[in-house]
Amino acid sequence: MNPMMLSDAALAARFPRDFVWGVATSAFQIEGAAREDGKGESIWDRFCRVPGAIADGSNGDVACDHVHRLEADLDLIAALGVGAYRFSVSWPRVQPEGCGAWNEAGLRFYERLVDGLAARGIAAHLTLNHWDLPQALQQRGGWAARETVQHFVDYARGIARRLGARCASIVTHNEPWVIAVLGHEQGVFAPGLKSRRTAFEVAHHLLVSHGLALRALRDDGCPAALGIVLNLSSVEPASDTAADVAKARLEDGLGLRWYCEPLFHGRYPDDVAFALGADAPIVQPGDLAAIAQPLDFLGINNYTRVVVSAAGPWDAAAQGLPVTDMGWEICPDGLTRLLLRLQRDYAPARLRITENGAAFKDALLADGTVQDDDRVDFLRRYIGAVADARDGGAAVDAYLVWSLLDNFEWSSGYGKRFGIVHVDFATQQRTPKASAQWYRRLLADWRAATAGAGAR
Ligand code: IFM
């Protein structure tokens with residue numbers, strides 16, 4: 001169905017009463033207060049200091065100054081009318097060395113956060129690892145070291161004991177592929193290493209730590225729904241030549257099946273392991289069973305589709321296709337295809353869109369507004385794509401916009417704006433964009449359409 005044909009009210013009415021709508025952020029990208037109240041250094045604090053690592057030479061020292069503006073930011077979230085907020089805990093803020101002593105001031109910040117959400121009727125969705133590993137653990141080998149697995153499990157257990165009863169969900173890792181490949185193979189994200197062998201060891205340790213953490217939290221009786229978040233795209237060959245098809249199959253294997261097969265089926269895909277050869281990770285007895293813990297939900301971060309050509313990199317803009325400010329193709333149908341394929345191949349209990357959104361060159365106008373019509377169009381079409389996937393049988397029960405605020409977009413710095421709320425980084429003034437108003441109205445329409453209705 002073409003969502004452009006529908007009014008927003010009709011689009012909203014395609015979602016049931018118990019659907020979860022929200023917005024998402026992560027600690028390093030918004031918090032700031034990088035050296036306050038006992039917080040330890042993270043690998044991203046360190047990486048930002050590497051000359052040339054961040055496009056605009058910036059860092060996360062202040063970011064959106066969220067730590068100092070918590071109450072006002074919670075009010076902003078509440079004003080959107082969403083039922084869910086996804087945030088991450090900064091591991092070095094609560095456990096500066098990554099193991100051993102806890103930092104009470106850091107823990108209290110997250111208590112204020114979840115309690116502030118509850119007071120506003122918003123469910124807390126907590127991510128344990130959104131990339132800001134304590135630098136002290138990196139010094140001991142980071143995710144490439146097997147000992148980090150146990151440190152993560154201890155951290156996860158500590159956070160869940162303190163906050164789990166006040167959270168609707170907890171996910172272990174955000175986008176393990178990004179940590180492994182961008183951080184350890186391509187070296188463009190922290191910690192900036194360049195070894196494929198290390199990257200796949202890291203990916204394996206992330207998955208094992210995920211599984212062991214889920215086991216630990218369930219043993220503890222943690223009441224939150226438990227899952228993991230993967231960055232996934234529909235991967236498609238540029239043509240039906242054998243070379244393009246084979247390359248696309250391998251890309252899909254490296255990006256999707258390498259994570260979904262062990263998580264859902266307790267095995268790594270043979271064809272990818274074969275292609276990796278000596279770069280394949282060391283798998284200890286029991287690892288695969290540990291990884292394959294039942295997931296209450298699979299979180300999916302989706303922004304684009306991936307097209308693969310054996311001839312070399314494929315550039316959507318050069319093909320005349322619409323792209324965002326990141327150069328990522330706008331392809332809502334790709335999300336529908338992805339969701340239907342995940343449902344078919346892995347039969348997850350629930351699928352959640354834990355991130356979807358777009359960077360555009362937004363400008364604060366003289367009248368104090370930001371008219372980000374391109375983002376409104378993007379969100380409308382992607383939400384329509386989620387509805388299409390649901391109609392086709394995909395068990396999607398949540399959609400969270402990335403992001404609440406313009407923020408620190410990793411190696412791109414502050415130049416790429418993903419927020420539905422504009423941030424003036426000189427003054428820290430927040431201005432809800434047209435997309436924020438649109439999202440608020442969509443949710444009002446959805447509430448009106450589903451009032452009195454049971455879950456569908
Ligand atoms: O900003 C990131 C986020 O931290 C993880 N997912 C993708 C977003 C946009 O690049």
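Couple of notes before you dig in:
- Near pairs, Cβ below 7 angstrom, 6+ apart or cross-chain, from the stretch 390-411 (among the small types (Gly, Ala, Ser)) to any residue that is within 11 Å of the ligand (Cβ to nearest atom): Ser403/Ala24; Ser403/Thr25; Ser403/Gly357; Ser403/Phe418; Ser403/Gly419; Ser411/Phe189
- Any hit, the stretch 262-281, residues being closer than 30 Å to Leu379 by Cα, among the aliphatic types (A, V, I, L, M) and in contact (Cβ under 8 Å) with a residue 40 or more places away in the chain: yes
- Selected residue (criterion: surrounded by the fewest Cβ atoms within 10 Å (Cβ to Cβ)) from residues of the stretch 350-379 that are charged (D, E, K, R) and assigned to a helix (DSSP H, G or I): Asp373
- Residue within the stretch 421-434 that is within 30 Å of Pro348 (Cα to Cα) and either within 14 Å of the ligand (Cβ to nearest atom) or not polar (S, T, N, Q) (or both) present: no
- Condition met for Ala311 (assigned to a loop (DSSP other than H, G, I, E, B), away from the ligand (no atom under 16 Å from the Cβ) and over 18 Å from the mean Cα position of the chain (by Cα)): yes
- Residue match in the stretch 150-161 (condition: within 16 Å of the ligand (Cβ to nearest atom), under 22 Å from the mean Cα position of the chain (by Cα) and either within 18 Å of Ala24 (Cβ to Cβ) or in contact (Cβ under 8 Å) with a residue 60 or more places away in the chain (or both)): no
- Any hit, the stretch 50-58, residues being charged (D, E, K, R), over 21 Å from the mean Cα position of the chain (by Cα), away from the ligand (no atom under 16 Å from the Cβ) and surrounded by fewer than 21 Cβ atoms within 10 Å (Cβ to Cβ): no
- Every residue from the stretch 267-308 that is aromatic (Phe, Trp, Tyr), more than 24 Å from Arg146 (Cα to Cα) and either more than 16 Å from the ligand (Cβ to nearest atom) or in contact with a Pro (Cβ under 9 Å, 6 or more places away or on another chain) (or both): Phe297
- Here Ser412 passes the criteria (1) touching a Phe, Trp or Tyr at 6+ places or on another chain (Cβ under 8 Å); (2) hydroxyl-bearing (Ser, Thr, Tyr); (3) within 16 Å of the ligand (Cβ to nearest atom) except the one numbered (1).
- Lone unmet requirement of (1) of a type in the set (Val, Ile, Thr); (2) closer than 15 Å to Asn407 by Cα; (3) part of a loop (DSSP other than H, G, I, E, B) for Val82: (2)
- Residues of the stretch 103-119 satisfying the condition of being closer than 12 Å to Asp37 by Cα, among the hydrophobic types (A, V, I, L, M, F, W, C) and touching a helix residue (DSSP H, G or I) at 6+ places or on another chain (Cβ under 8 Å): Leu107, Phe109
- When the stretch 92-121 is filtered for residues that are closer than 21 Å to Ala168 by Cβ, in contact with a Gly (Cβ under 9 Å, 6 or more places away or on another chain) and either in contact (Cβ under 8 Å) with a residue 60 or more places away in the chain or within 16 Å of the ligand (Cβ to nearest atom) (or both), only Val94 remains.
- Residues in the stretch 277-308 that are of a type outside the set (Phe, Trp, Tyr), out of contact with any helix residue (DSSP H, G or I) (no Cβ under 6 Å at 6 or more places or on another chain) and either part of a loop (DSSP other than H, G, I, E, B) or under 23 Å from Ala242 (Cα atoms) (or both): 13 in all.
- Listed conditions (1) β-branched (Val, Ile, Thr); (2) away from the ligand (no atom under 16 Å from the Cβ); (3) under 25 Å from Tyr85 (Cβ atoms) are all met by Thr127, apart from (2).
- Helices (runs of 4 or more DSSP H) wholly inside the stretch 1-57 that include at least 2 residues being within 30 Å of Trp102 (Cβ to Cβ): 27-30, 43-47
- All of (1) of a type outside the set (D, E, K, R); (2) surrounded by fewer than 21 Cβ atoms within 10 Å (Cβ to Cβ); (3) touching a Leu at 6+ places or on another chain (Cβ under 8 Å) hold for Gly221 with one exception: (3).
- Considering the stretch 422-456, and only residues there that are surrounded by 15 or more Cβ atoms within 10 Å (Cβ to Cβ) and of a type in the set (Lys, Arg), the residue that is nearest to Val23 (Cα to Cα) turns out to be Arg440.
- For Gln343: the one exception among (1) polar (S, T, N, Q); (2) surrounded by fewer than 20 Cβ atoms within 10 Å (Cβ to Cβ); (3) within 24 Å of Leu126 (Cβ to Cβ): (3)
- For the stretch 317-329, the condition of being within 16 Å of the ligand (Cβ to nearest atom), under 22 Å from Ala389 (Cβ atoms), crowded, with 19+ Cβ neighbours inside 10 Å and not acidic (Asp, Glu) holds for at least one residue.
- Taken together, the criteria exclude Leu70 from residues that are of a type outside the set (S, T, N, Q), within 16 Å of the ligand (Cβ to nearest atom) and under 30 Å from Met326 (Cα atoms).
Only the coordinates and a few stated rules stand behind these numbers; no lab work does. Since we're looking at a predicted model, the values are computed, not measured. Note that each Cβ is placed from the backbone with ideal geometry, even for glycine, and that neighbours are counted across all protein chains shown.
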